[in-house]
Amino acid sequence: MASTTTLLVLLIPLLWINVVCVAGNFNKDFQITWGDGRAKILNNANLLTLSLDKASGSGFQSKNEYLFGKIDMQIKLVPGNSAGTVTAYYLSSKGGAWDEIDFEFLGNLSGDPYILHTNVSSQGKGNREQQFYLWFDPTADFHTYSILWNPQRIVFSVDGTPIREFKNMESNGVPFPKNQPMRIYSSLWNADDWATRGGLVKTDWSKAPFTASYRNFNANNACIWNGGKSSCKSSSKPSASSASWLSQQLDSTGQQRLRWVQKNYMIYNYCSDKKRFPQGLPVECTHS
């Protein structure tokens, strides 16, 4: 693991990111889609909670569809013994050739770390998993999970620290999510057949209900897709407010932070799994 000094050097410049947050209105931005009362919008629509018990989990989705954006959500995960549970937070389109950008948080026994599972699907093809431990307890407080999605790249970030970058490599024959608008979805559900240690550890229902909490949704820097039109101007002539993130890339400091996370906290990378791909690693792994 990196030293405490290294951690502070990398993360201190990011502290302002957690201060500058715009509280979303969950009644305005989202609708609860399932759970029979287990999902709740509280505190003047500034807080949303999902709950899971033995009978059912729960979930919600955004009212808007988006085609590119910088989207933030603060989440506090299920505390204590969360083994067997999965909290999913993702963007997804519909149809057989769907696009998807995934955060999934795999629960664990008390004292053992959550696993943050990420994936990118384009035109129905996924299997691009990268998994991480986190450098903090994600159940003790809210932390900001962000997706930057522009025509050139997708960047996953945690509290402003990039953990993964998926570049547009269409020139090498790799499909990239750029034509299908996506909604935001989140759910809390039981997946004890696979989520914790490959399904060896089951959900302890005596600890139910399990609850995850959400606040400070921010999609101010995102293009809403409605009626076949984008709320953003043409990417060739973007507005001043959208110009920065529509062409944003990681600077040298961002690249350094990304390497730090991947060196110290990545626990699985499909691009390193030669046993899984005996005929050769996926194209994007050899051209990244």
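The values are calculated or read from the model by the stated rules, or taken from the named source; none is laboratory data. Remember, predicted model here, so these are calculated numbers, not experimental data. Every residue, glycine among them, receives a Cβ derived from its backbone with ideal geometry; neighbour counts consider all protein chains shown. These area figures cover heavy atoms from the full protein model, side chains too; ligands, DNA and RNA do not enter into them. Shrake-Rupley method; radii C 1.70, N 1.55, O 1.52, S 1.80 Å.
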Once you have the Cα-Cα distance between residue 178 and residue 255, take 0.36 nm times their residue separation minus that, and quote the gain in nm to one decimal.
25.4 nm
Given the options 99, 159, 112, which has the most mean-square fluctuation in a GNM of the chain, springs set between C-alpha atoms less than 10 angstrom apart?
112
Please work out the C-alpha center-to-center distance from region 44-87 to region 180-212 and express it in whole Å.
11 Å
Assigned charges on the beta-carbon of Lys, Arg, Asp, Glu; the chain dipole about Cα centre (debye):
500 debye
Can you find, among 140, 166, 210, the residue farthest towards the positive end of the dipole of region 120-249? Put +1 on the C-beta of Lys and Arg, -1 on that of Asp and Glu.
166
Averaged over all directions, how much area does the convex hull of the C-alpha atoms of the chain cover when projected, in nm²?
16.1 nm²
Dividing the mean separation of Cα pairs under 8 Å (6+ apart) by the residue count of the chain yields a relative contact order in percent of 26 percent
Length gained when the stretch residue 112-residue 272 is fully extended (0.36 nm per residue, less Cα-Cα span)
55.1 nm
Can you tell which of 215, 164, 259 shows the greatest fluctuation in a Gaussian network model of the chain with Cα springs below 10 Å?
259
Under 10 Å, Cα contacts only: if you run a Gaussian network model on the chain, which one of 213, 121, 110 comes out with the highest mean-square fluctuation?
110
For residue 182 the rounded accessible area (nearest 10 Å², probe 1.4 Å, non-protein molecules ignored) is 0 Å²
Two-site FRET efficiency, residue 141 against residue 197, from Cβ-Cβ distance with R₀ of 25 Å, rounded to 0.05:
0.45
Any chance you could run the full-extension gain for residue 220 through residue 233? It's 0.36 nm times the residue separation minus the Cα-Cα distance, nm to one decimal.
3.2 nm
